[in-house]
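One structure below.
The values are calculated or read from the model by the stated rules, or taken from the named source; none is laboratory data. Nothing here was measured: the structure is a model prediction, and the numbers come from that model. Cβ placement follows ideal geometry from the backbone for every residue including glycine, while neighbour counts extend to all protein chains displayed.
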Amino acid sequence: MNWRSIRAIALKDYKEVRQNKAAWIPALVLPLIFAVAMPLGFTLLPQLIPTEDVAQEMGDLQDLIVLMPPAIQQIFAETSLEQGFIIYMTAFLFAPMFLIMPLMFSSIIGADSFVGERERKTMEALLYTPSSDGTLFMGKIIASVVPAILLSWFTYAVYIIVVNAASWPLFGRIWFPLPAWWPLMFWLTPAISLLGMAATVLISSRVKTFMEAYQLTGSLVIFVLLLMVGQISGVLYLGVFSTFAIGTLVWLVDAVLIYISVGTFNRTNLIAKI
Amino acid sequence: MDKHMDTVIEVKELHRLFGDIRAVDGLTFEVQPGEVFGLLGPNGAGKTTTVRLLNGLLPPSSGSVRVFGLDPATQGEQVRQKTGVLTESPSHYERLSARENLTFYGTLTEIPEEKLTGRVNEMLAFFELDGRADDKVETYSKGMKQRLALARALLHQPPLLFLDEPTSGLDPEAAQQVNALIESLSHKGQTIILCTHNLTEAERLCDRVAVMNTGRVLALGSLVELSRKLWPATWVDVKFWEAPSASQFEAAKNFSGVKQVQVESALLSARLESKETIPAYVRHLVESGLSILSVNPRAHSLEDIYFAIQNGRKEGEQ
């Protein structure tokens, strides 16, 4: 594999997607909502509404908190009503939602990179270069996965700052992120990014346009929604161990999908679809 | 460039099937260094598939291919290092500039980092794109895009160049510019495979052509060779100072190698068994007392040859 070529392919794809407003505008709007608007709402709400209303909300949440492991229940036992509400909403309920971002980022860039290249009729010229199939594939993986991970981490960083800053009057200290967020950010997020990309590569062989690929990969959001339902219902709680375990499972799925993708990503298959 | 150096392309009994469709069906030809070789044929003749097979983008179903002695199916990377391809549609990254496009392809064709910027600038200047090198390609005219595509194909100085319909979709002025470029490359000894159905262009540019249809080569050779194969007899028009007398007309008919003679006033048209007979026939006319003003052997254009071959195929099929 030629790393200079891999870097050139990744940078070229990145430059291209940066010029595609249909791709990056949703990628910019969602982090703004997730990292700024929603945490501001969750943290400022209990500080603005009367305590008895928070108490009523917390009463409803109490039914869910009892489903959590004892160590987590202890966190809520040591907090005020308002603090408990903020912790539940920002650190637990909202955590799976953050996985939409790496998934979305990698599938947007991946769809633009794999399907967009074909749609814009630039694939053929690329296939006539001396670069090996492996180099082209690796370049495109890096083009979609690395920015997805970096953008997700940037969004996490903004979220952490906003949550701590907005809840400062109630907590008076930096309390976020909780331990379960570390494997979420550094283990599960890269795995999910790769999942989005690998799914895009497989889907790309069956669709003709960027939008089709993007919409089909969007169906992976169901996986994130299932995690969220699991979290709300108490069936699956994203703690340190469970997040790490889910991450490991996703990495294994990634390995299988990448293995299949490598098999399909060759000049003979690609040229047949031009 | 020496035309007798090692063969650039050797294709023997090449077949490529897509399901039941024979895209390439028993192709055999060779291309020598410095030659401009035309692949002619209608859409679906197998020209583009042949280019893909020669560059290792597709493996052959059977038969053998050697490009610079390499097998494109197993040594595709080395083969593509030595080839440049102008695809039928220019297919640039339209959201990037010409400079960014060339730099990207220069990296992929492994031009050393320290030489890349210089080479890109050189190509931009050569193709007169330097004035708008940093503009997005989407703002370029068709002619500019085609020049950029040629610059991309030539960027790494490949000894073998494939041009797939190089003037397709261009206005006459831009087409003329591209043809002039191809001619100048040819004069510099560049080996070129030209895929086209523009026969005037092929006649002007190609040393030899392969006329293809449904994946097969129907005829192969230079214009003269193909013309001789198709029409061994040749017509020559001879214009005299004055109309020949009856005895002179008889003398014009009575010459071995003459198959048919027509006279119209001072113009005589004779069908001879070959072009080689013309000088002796002219001598015979002079010796018969005729004053000759001009002698014009009738030449067959590539268009005549092409349609004769293609129509011959259709008649054969019927």
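Some values worked out for this structure:
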{"quantity": "Test: residue in the stretch B:50-65 that is buried (at least 20 other Cβ atoms within 10 Å of the Cβ) and at positive phi", "calculated": "yes"}
{"quantity": "Among the candidates A:K21, A:K15, residue that is farther than 17 Å from A:A91 by Cα, of a type in the set (K, R) and touching a Lys or Arg at 6+ places or on another chain (Cβ under 8 Å)", "calculated": "A:K15"}
{"quantity": "B:F126 being more than 30 Å from B:E303 (Cβ to Cβ) and in the same structural domain as B:L53 (by TED's automatic domain parsing)", "calculated": "yes"}
{"quantity": "Spans of helices (runs of 4 or more DSSP H) in the stretch A:7-117 with at least 3 residues in contact with a helix residue (DSSP H, G or I) (Cβ under 7 Å, 6 or more places away or on another chain) and under 17 Å from A:L151 (Cα atoms)", "calculated": "A:21-32, A:100-111"}
{"quantity": "Candidate set: the stretch A:259-274, residues that are of a type in the set (A, V, I, L, M, F, W, C) and within 20 Å of A:G116 (Cβ to Cβ); chosen: the one farthest from the other protein chains (Cβ to nearest Cβ)", "calculated": "A:F265"}
{"quantity": "Where a residue in the stretch B:284-299 is over 21 Å from B:S274 (Cα atoms) and assigned by TED's automatic domain parsing to the domain that holds B:E250 and its partner, wherever it lies, is assigned to a strand (DSSP E or B) and not β-branched (V, I, T), with Cβ under 7 Å and at least six apart", "calculated": "B:L290/B:F240; B:S291/B:F240; B:L293/B:K239; B:L293/B:F240"}
{"quantity": "Near pairs, Cβ below 7 angstrom, 6+ apart or cross-chain, from the stretch A:119-146 (facing chain B (nearest Cβ under 7 Å)) to any residue that is part of a helix (DSSP H, G or I) and among the small types (G, A, S)", "calculated": "A:S131/A:S5"}
{"quantity": "Flag for B:L272 being over 30 Å from B:E201 (Cα atoms), aliphatic (A, V, I, L, M) and buried (at least 16 other Cβ atoms within 10 Å of the Cβ)", "calculated": "no"}
{"quantity": "Residues satisfying the stated conditions in the stretch A:147-175, i.e. within 19 Å of the chain's Cα centre (by Cα), within 27 Å of A:L48 (Cα to Cα) and in contact (Cβ under 8 Å) with a residue 40 or more places away in the chain", "calculated": "A:T155, A:Y156, A:V158, A:Y159, A:V162, A:V163"}
{"quantity": "Residue that is farthest from B:Y140 (Cα to Cα), among those in the stretch B:85-95 that are part of a loop (DSSP other than H, G, I, E, B) and facing chain A (nearest Cβ under 8 Å)", "calculated": "B:T87"}
{"quantity": "Hey, B:A149 surrounded by 21 or more Cβ atoms within 10 Å (Cβ to Cβ) and over 22 Å from B:G221 (Cα atoms) or not", "calculated": "yes"}
{"quantity": "Selection within the stretch B:24-49 - among the hydrophobic types (A, V, I, L, M, F, W, C) and either buried (at least 21 other Cβ atoms within 10 Å of the Cβ) or in a helix (DSSP H, G or I) (or both)", "calculated": "B:V24, B:L27, B:V31, B:V36, B:F37, B:L39, B:L40, B:A45"}
{"quantity": "Flag for B:L102 being at pLDDT below 95 and touching a Lys or Arg at 6+ places or on another chain (Cβ under 7 Å)", "calculated": "no"}
{"quantity": "Some residue of the stretch B:210-222 being modelled with pLDDT of 90 or more, surrounded by 15 or more Cβ atoms within 10 Å (Cβ to Cβ), of a type in the set (A, V, I, L, M) and closer than 22 Å to B:S294 by Cα", "calculated": "no"}
{"quantity": "Any hit, the stretch B:230-245, residues being crowded, with 16+ Cβ neighbours inside 10 Å and over 36 Å from the mean Cα position of the chain (by Cα)", "calculated": "yes"}
{"quantity": "Output for the stretch A:228-257, where each listed residue is aromatic (F, W, Y) and assigned to a loop (DSSP other than H, G, I, E, B)", "calculated": "A:Y237"}
{"quantity": "Number of the condition not met by A:S106 [criteria: (1) within 16 Å of the chain's Cα centre (by Cα); (2) among the small types (G, A, S); (3) at pLDDT 85 or above; (4) over 30 Å from B:S91 (Cα atoms)]", "calculated": "(4)"}
{"quantity": "Subset of the stretch B:72-119 [within 24 Å of the chain's Cα centre (by Cα) and either farther than 22 Å from A:R120 by Cα or polar (S, T, N, Q) (or both)]", "calculated": "B:P72, B:V79, B:R80, B:Q81, B:K82, B:T83, B:T87, B:S89, B:S91"}
{"quantity": "Where A:F98 falls short, out of the listed (1) over 22 Å from A:A180 (Cβ atoms); (2) more than 14 Å from chain B (Cβ to nearest Cβ)", "calculated": "(1)"}
{"quantity": "Selection from the stretch B:124-167 of residues that are small (G, A, S) and in contact (Cβ under 8 Å) with a residue 12 or more places away in the chain", "calculated": "B:A133, B:S141, B:G143, B:A149, B:A151, B:A153"}
{"quantity": "Residue match in the stretch A:211-227 (condition: in contact with a Phe, Trp or Tyr (Cβ under 8 Å, 6 or more places away or on another chain) and either of a type in the set (S, T, N, Q) or in a loop (DSSP other than H, G, I, E, B) (or both))", "calculated": "no"}
{"quantity": "Out of B:A125, B:A151, B:A133, B:A98, sole residue that is among the small types (G, A, S), within 13 Å of another protein chain (Cβ to nearest Cβ) and at negative phi", "calculated": "B:A151"}
{"quantity": "Qualifying residue in the stretch B:102-113 (condition: surrounded by 16 or more Cβ atoms within 10 Å (Cβ to Cβ), touching a residue at least 60 places away in the same chain (Cβ under 8 Å) and more than 9 Å from chain A (Cβ to nearest Cβ))", "calculated": "no"}
{"quantity": "Of all residues making up the stretch B:51-84, the number that are within 13 Å of chain A (Cβ to nearest Cβ), touching a residue at least 24 places away in the same chain (Cβ under 8 Å) and either polar (S, T, N, Q) or in a helix (DSSP H, G or I) (or both)", "calculated": "9"}
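Here's the yes/no breakdown for (1) closer than 18 Å to A:S167 by Cα; (2) touching a residue at least 12 places away in the same chain (Cβ under 8 Å); (3) touching a strand residue (DSSP E or B) at 6+ places or on another chain (Cβ under 9 Å):
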{"position": "A:P26", "(1), (2), (3)": "no, yes, no"}
{"position": "A:I33", "(1), (2), (3)": "yes, no, no"}
{"position": "A:V36", "(1), (2), (3)": "yes, yes, no"}
{"position": "A:L48", "(1), (2), (3)": "yes, no, no"}
{"position": "A:I75", "(1), (2), (3)": "yes, yes, no"}
{"position": "A:T79", "(1), (2), (3)": "yes, no, no"}
{"position": "A:I86", "(1), (2), (3)": "yes, yes, no"}
{"position": "A:T90", "(1), (2), (3)": "yes, yes, no"}
{"position": "A:F98", "(1), (2), (3)": "no, yes, no"}
